[in-house]
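Heads up, the thing below is written out as structure tokens.
The values are calculated or read from the model by the stated rules, or taken from the named source; none is laboratory data. Note that the coordinates shown come from a computational prediction; the quantities given were computed from them, not determined experimentally. Backbone-built Cβ (ideal geometry, glycine too); neighbour counts: all protein chains shown.
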Amino acid sequence: MKRLAGMFWALLFLAVPVLGVATFAVAPSINVWLPKDVSAHGHEIDSLFYFILALTGVVFVATEVLLFWFMWKYDASVREGEKATYIHGSHTLEVVWTIIPAATLLFLAIYQMNAWANVKMRRPDMPPTVEVVARQFEWRLRYPGNDGLLGTPDDLHLVNDLTLPVDEEVLVQLKSMDVLHSFFLPNLRIKQDAVPGMKIPVWFKGTETGSWDIVCAELCGWGHYKMKGRITFVTRPEFDAWLERKTAEQNSTQPVAEVTGEIVAN
Amino acid sequence: MSTVTVPTTTDHGHAPVKKTGSLSTFISTYVFSKDHKVIGLQFLFSTLLWFLIGGLLALAVRWQVAWPWSDVPVVGKLFAQEGGQMAPEFYTMLFTMHATVMIFLVIIPILAGAFGNFLIPLMIGADDMAFPTLNMLSYWFMWPAFIAFGASFFVEGGAAAGGWTSYPPLSTNVASAPGSGWGQTLWLIGLTFVGVSSMLGSVNYMTTIILMRAPGMTMFRLPMTIWAMFITAVLQAFALPVLTAAGFMQLADRMFATGFFSPEGNIVNNAVPGPGGGQPLLWQHLFWFYSHPAVYIMILPAMGMVSDILTCFARKPLFGYRPMVYSIAGIAGLGFIVWGHHMFMSGMNPALGITFMVSTMMIALPSAVKTFNWLGTVWGGKIQFTTAMLFALSFVSMFIIGGLSGIFMAATPVDIFIHDTYFIVAHFHYVLFAGTAMGVWAAIYFWYPKMFGRTMNEFWGKVHFFLTFLFLNGTFFTMHILGAVGFPRRLADAYHYQTFHHLQPMNAFMTYCAIGMVATQIIFAINFFWSMFFGPVADRNPWNANGLEWTAPSPPGHGNFDFQPVVYRGPYEYSVPGVDDKDHLMQTDPPNAAAAAAAAASH
């Protein structure tokens, strides 16, 4: 009876790696997995994710199975009359399981640096394609207009519908008007907090035409959940035509007196 | 460090209890007590009550995530403005207060306050803490915090709703959210009092552990629980002043129109802007300078207690005692230089992100060393599957998951995608619930006989363990793959996004598991209180463990020991060869094996 109980508990602990691996194995097939990547840099991030997943997966299975095996084998009920091993440790083992993880972790850190620098540090030398100003609970957009400069009267103002040319590096100038927000583009593997008082550059290149979610990922108040935008990639000619049409629409309905412009220009 | 101790017979600052049975005696014994054991139990009962409240808040959060805008059962009518559904601002308040309650009113005080208080003097062989009055105050300073946090639910606008991290300007600007009114002010006041309580406790623990160890109790004969409590106290003493100062700065921003955390001309919700001149990121640096070490404050004591429980029920010495001590110290040291990993996406200079990535990767190392040593401890053991042991083993199993998932977030490029998604929610619940809370249950089942003189029911204990283990994995493991979709945390309703619209069934499954997990705790509560009165009476050492606390009566009387404990060895001498009549040598057993046998026979 005692043995059965011991086996039961050991098997319960074996279920952790078995079901754990199963969950991750099934997840992609039920579409609960990384969303489609439509960015030029995303595959680099995804492959790092898979690399860490494989590495931690091996360690996870190895340690959990070891724990199961020890519970199975060293159950007191199968060791009647024996004593537990009297051992206080092993210097060799300590050295081994310090050095190997240390080297692995250090390698892992160094291995990540290039991807990080590409997304966050190697800013392309170009003027902003668009300014995104986060505000409770919307994304205000400002395109530079024909003169290519932000903050001039020919700027185009829009809300939530971010349209950008595909297959081109774009530079977003990210600002916030009120509280913290976070500009999260799941399909482009982009996330950057918008901070009041700061202008933060964000750059990426879309690789597919189509339309995807913009999500706010930093708590910004009661309406945080509905701070939704759309990012749409179109071809360059389509983009130019769209920009012209939108500018014309803006000029016909709102001459120069801009209610929003004054606030945005802060 | 010398091992000279304060004699146990001296007066330690409080009069002996008179057995008169009057009201004032009752108050001085059980209410304003200076006895570390009573204070420990006061902490335990208070924190368990808040654990229940925090758990119910979690259920309400889970309800909204699984079935947004549907009528909340049972309690819906209490808070609903529109029918029985919850408003989005109510939801933001729920998760803010769930985290606040669990972190500041449950985990930190149950580890340091309840177990630190109860165990430190008993395990080092002292009759009480070094400063009994400070100790009493450390408990009573929790009450202003209890009242502030509790009352904040009933003020206009409701309790704080800016997240437990309380990032400005959302938290400093009264106009930015309904909960940023009085609720936020009370939150800051509550936080300050929790800090005062922790500080009083940590000063006391450090002094007690350094100065009041029994003769023969050298630092390297201390049980891991005490090492962990000691290093936790050091962490608290060094990190906490920063949070307290930052809290006052935020309070000043709110009440005295200063501008530490808001830039100039920052208009929120069309309100008049404050004076500005500050930076929102400043708060994040100050907050995480405390709150990252606090993450270790929330796990190290559990690691210590689990080490003691594993050795006892594996009947085996701790594998690698010194590496275990050094790795705790390593975690604490490195813990001060990793705070920036909470801020990779914050707008902080990305070059700093690289520095913090390296330090964060390296802090995984001492955690890995600890895990390998726990496995080494179980290896070759003679395992008794008691409830306490099962919880301790599950701590190891679950901590592996929580530890490994942390590496994803430490890797800055991967963090770009999973930052602020359910991946991080999975990570910290594996560390704090599946880790610390399971460790706390292990400790409750293990030291219960010492606390109350009776043993908890083992059968129902195992049922409690089994169901909790099942449901917690059902709830939290699935969060990893939700995070892989990018499912963001803190959203009242994410299903209107094309990317997340198909995730409702999975969230419903998790909520069912969460309901099961909370319901399972009814078994624990009944077992806990029933055993207090009807459980089998425990003798001094029901588990045949080695620590000094097991030489004292169960429960120990005032002054703890009925003789002066003298320590001859470390706490993990199980299955010593050559000792044939029993499989362990207590710390107080005289060195001569024959004398040990004689002493055991005369007990």
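Observations on the model:
- Taken together, A:Thr23, A:Thr85 contain a single residue that is over 25 Å from B:Lys370 (Cβ atoms) and facing another protein chain (nearest Cβ under 7 Å), which is A:Thr23.
- Counted residues, region A:176-202 - those being over 19 Å from the mean Cα position of the chain (by Cα) and more than 7 Å from chain B (Cβ to nearest Cβ): 2
- Count of region B:482-496 residues which are within 7 Å of another protein chain (Cβ to nearest Cβ) and either of a type in the set (D, E, K, R) or within 13 Å of B:Ile401 (Cβ to Cβ) (or both): 2
- Here B:Phe428 clears all of (1) within 11 Å of another protein chain (Cβ to nearest Cβ); (2) surrounded by fewer than 24 Cβ atoms within 10 Å (Cβ to Cβ); (3) part of a helix (DSSP H, G or I) except the condition numbered (1).
- Number of positions in region B:333-363 that are within 23 Å of B:Ala228 (Cα to Cα), surrounded by fewer than 22 Cβ atoms within 10 Å (Cβ to Cβ) and at the interface with chain A (Cβ under 7 Å from one of its Cβ atoms): 1
- Test: residue in region A:142-151 that is in the same structural domain as A:Glu244 (by TED's automatic domain parsing), within 19 Å of A:Glu218 (Cα to Cα) and in contact (Cβ under 8 Å) with a residue 40 or more places away in the chain: no
- Matching residues, region A:56-77, being part of a helix (DSSP H, G or I), facing chain B (nearest Cβ under 8 Å) and not small (Gly, Ala, Ser): A:Thr56, A:Val59, A:Phe60, A:Thr63, A:Glu64, A:Leu66, A:Leu67, A:Phe70, A:Met71
- Checking the stated criteria, A:Ala109 turns out not to satisfy the condition of being in a helix (DSSP H, G or I), in contact (Cβ under 8 Å) with a residue 60 or more places away in the chain and within 10 Å of chain B (Cβ to nearest Cβ).
For every residue, the table says whether it meets (1) in contact with a helix residue (DSSP H, G or I) (Cβ under 8 Å, 6 or more places away or on another chain); (2) hydroxyl-bearing (Ser, Thr, Tyr); (3) part of a helix (DSSP H, G or I); (4) without any contact (Cβ under 8 Å) to a residue 60 or more places away in the chain.
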| position | (1), (2), (3), (4) |
| --- | --- |
| B:Asp253 | no, no, yes, no |
| B:Gly277 | no, no, no, yes |
| B:Ser291 | yes, yes, yes, no |
| B:Ala302 | yes, no, yes, no |
| B:Val306 | yes, no, yes, no |
| B:Cys312 | yes, no, yes, no |
| B:Ala329 | yes, no, yes, no |
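- Flag for A:Gln136 being facing chain B (nearest Cβ under 8 Å) and touching a residue at least 24 places away in the same chain (Cβ under 8 Å): yes
- Long-range neighbours under 8 Å by Cβ, at least six apart or interchain, first residue touching a residue at least 60 places away in the same chain (Cβ under 8 Å) within region B:153-176, second acidic (Asp, Glu) and part of a loop (DSSP other than H, G, I, E, B): B:Tyr167/A:Glu218; B:Pro169/A:Asp178; B:Asn173/A:Asp178; B:Ser176/A:Asp178
- Test: B:Ala271 is in contact (Cβ under 8 Å) with a residue 12 or more places away in the chain, of a type in the set (Gly, Ala, Ser) and touching a helix residue (DSSP H, G or I) at 6+ places or on another chain (Cβ under 6 Å): yes
- The residues in region B:478-506 that are surrounded by fewer than 22 Cβ atoms within 10 Å (Cβ to Cβ), touching a residue at least 24 places away in the same chain (Cβ under 8 Å) and assigned to a helix (DSSP H, G or I) can be counted, and the count is 3.
- Check on B:Gly162, within 26 Å of A:His224 (Cα to Cα) and outside any helix (DSSP H, G or I): yes
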